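First comes the structure, then the notes that go with it.
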Amino acid sequence: MLERMYKDPTKFMNIKEGVLKGLTLTPPRKVDKPTYEIVGPIERYDMRDYMYSRIALKPGTPQYKDYYSRHPEKEAIDEEMRRRADKSGRERLDKDPVNEHIALSGFYGTMAVSPPKVVNSYKKMPLHAPGRPEVVKLDVDPDKMALKLKAFGLHLGAGKVGITKLSQDWVYTYTNTPYGDPVDLDYENIICMAFPMDPFMSAGQTGLGENFEIGWEYSYACFIYLNHHR
């Protein structure tokens, strides 16, 4: 795989552009500048404001009381959305409980390896073979390292890999799980990857195919990112 740093003999990868060839769905296109226009001040987004985060809040819990004490205007609509989600979930569970559990199992990997505390704990773990020198930070050629990272990501299953500067404008302020933990990402650069999904599985309505495919790709992406994190 490392021989693909400059040329991919299989013709499946465009290493320089960080794109896997021959995909059914075209990866997001590369642009020199953002395709959106900023018309006012940017406020970092609180992950607890995300609709799915709000629906997951349970009445009577400290998290529920904290959130709606700060956002009382959202409580009524969220309660209605929570009622609809519960009704839909119960209908699917009553119709085919096995399929419903399988559908949700795709998300387990995300919960296991994606939280920042988990990622940072792996980063601090020593990882080197007995008898070999301890791994230390190295000075590397940025262009060559970028090619290696792109080749690594494509080899592991990403459809597109890019590297860019991290803008704090697009970093969450607080997490939803654990509730209210501040997000502090001090990385100078970040690796962005896009993962292809099975259109047959993901194009249907909410159920086994769509939920499992989304959950599995989330989990798989988290695993690949964790490997790059080291």
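Each reported figure results from applying straightforward, stated rules to the coordinates on display, with no laboratory input. Only a predicted model underlies this, so the values are computations on that prediction, with no experimental measurement involved. Note that each Cβ is placed from the backbone with ideal geometry, even for glycine, and that neighbours are counted across all protein chains shown.
Just a few scattered comments:
- Pairwise FRET efficiency - Asn227 versus Val98, Cβ, R0 = 41 Å, nearest 0.05: 0.80
- Cross-link reach list, aspartates and glutamates versus Lys30, counting only Cα pairs under 17 Å and skipping chain neighbours closer than eight places: Glu17
- Distance violations [Cα-Cα > 27 Å] among Lys95/Lys160; Lys137/Lys165; Lys33/Lys148: Lys95/Lys160
- With a simple spin-label model that places each label point 7 Å from the Cα along the Cα-to-Cβ direction, the separation between Tyr45 and Phe200 comes to 3.2 nm.
- Extension gain for Leu166-Tyr52 works out to 38.5 nm (0.36 nm per residue, less the C-alpha to C-alpha distance).
- Likely footprinting exposure, Val140, Val183, fewest C-beta neighbours within 10 Å first: Val140, Val183
- Span from the region 140-185 Cα centroid across to the region 26-94 one, whole angstrom: 23 Å
- Taking amide H atoms as placed 1.01 Å from N in the peptide plane, the amide H of Leu166 lies under 5 Å from those of Asn189, Ile190, each 5 or more residues away in sequence or on another chain.
- Taken one residue at a time, the phi angles of region 143-153 give Karplus couplings (6.51, -1.76, 1.60, θ = phi - 60°) of 5, 5, 5, 4, 5, 5, 5, 5, 4, 4, x Hz. Gly and Pro are set to x.
- Calculated FRET efficiency, Ala76 to Met111, Cβ-Cβ distance, R0 = 22 Å: about 0.15 to the nearest 0.05.
- Under a 5 Å amide H cut-off, with hydrogens placed 1.01 Å from N, Gly159 pairs with Ala194, Phe195 among residues at least 5 apart or on other chains.
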